[in-house]
Amino acid sequence: MKASNPKRVAAGRANRKLRGPITGAGRQRLRETALANQPWRFSTGPRTPAGKRKAAANGKTRQIGPVSVREAKAEVAGVRSLVALMQDARDAIARQAQGDRPGGESPGAR
């Protein structure tokens, strides 16, 4: 999070003191304005494929390096699943080899 400028914070507090707290009438006026304008109807996010691409690219501006953390994790996940499959195959071959030996002893036991 960005550090606050102390001068701006002090100015904001001074302005708030000048205006005073929100009254019941002021709160009602804000409520009526929000209901009349209905801003939540227009905050749906991008709808077109071009808009979605542009929104996805927004996160790339502050990213360090060419690949995001999410993309890197996705790439590593594929490699990890391949390594897990290779380990399972190796273990299955080792179990099969133990079954073929007389007495079922392991290859390193001799």
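Taking the conditions (1) assigned to a loop (DSSP other than H, G, I, E, B); (2) of a type outside the set (Lys, Arg); (3) surrounded by 10 or more Cβ atoms within 10 Å (Cβ to Cβ) in turn, Glu71 satisfies each one other than (1).
Listed here are the residues, each with its yes/no results for (1) modelled with pLDDT of 95 or more; (2) surrounded by 10 or more Cβ atoms within 10 Å (Cβ to Cβ); (3) not in a helix (DSSP H, G or I).
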{"site": "Ala3", "(1), (2), (3)": "no, no, yes"}
{"site": "Gly12", "(1), (2), (3)": "no, yes, no"}
{"site": "Ile22", "(1), (2), (3)": "no, yes, yes"}
{"site": "Arg41", "(1), (2), (3)": "no, no, no"}
{"site": "Pro46", "(1), (2), (3)": "no, yes, yes"}
{"site": "Ala56", "(1), (2), (3)": "no, yes, no"}
{"site": "Thr61", "(1), (2), (3)": "no, no, no"}
{"site": "Ile64", "(1), (2), (3)": "no, no, yes"}
{"site": "Val76", "(1), (2), (3)": "no, yes, no"}
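The values are calculated or read from the model by the stated rules, or taken from the named source; none is laboratory data. Keep in mind the model is a prediction, meaning the values are calculated, not measured. Using ideal geometry, Cβ is built from the backbone for each residue, glycine included, and neighbour counts are taken over all protein chains shown.
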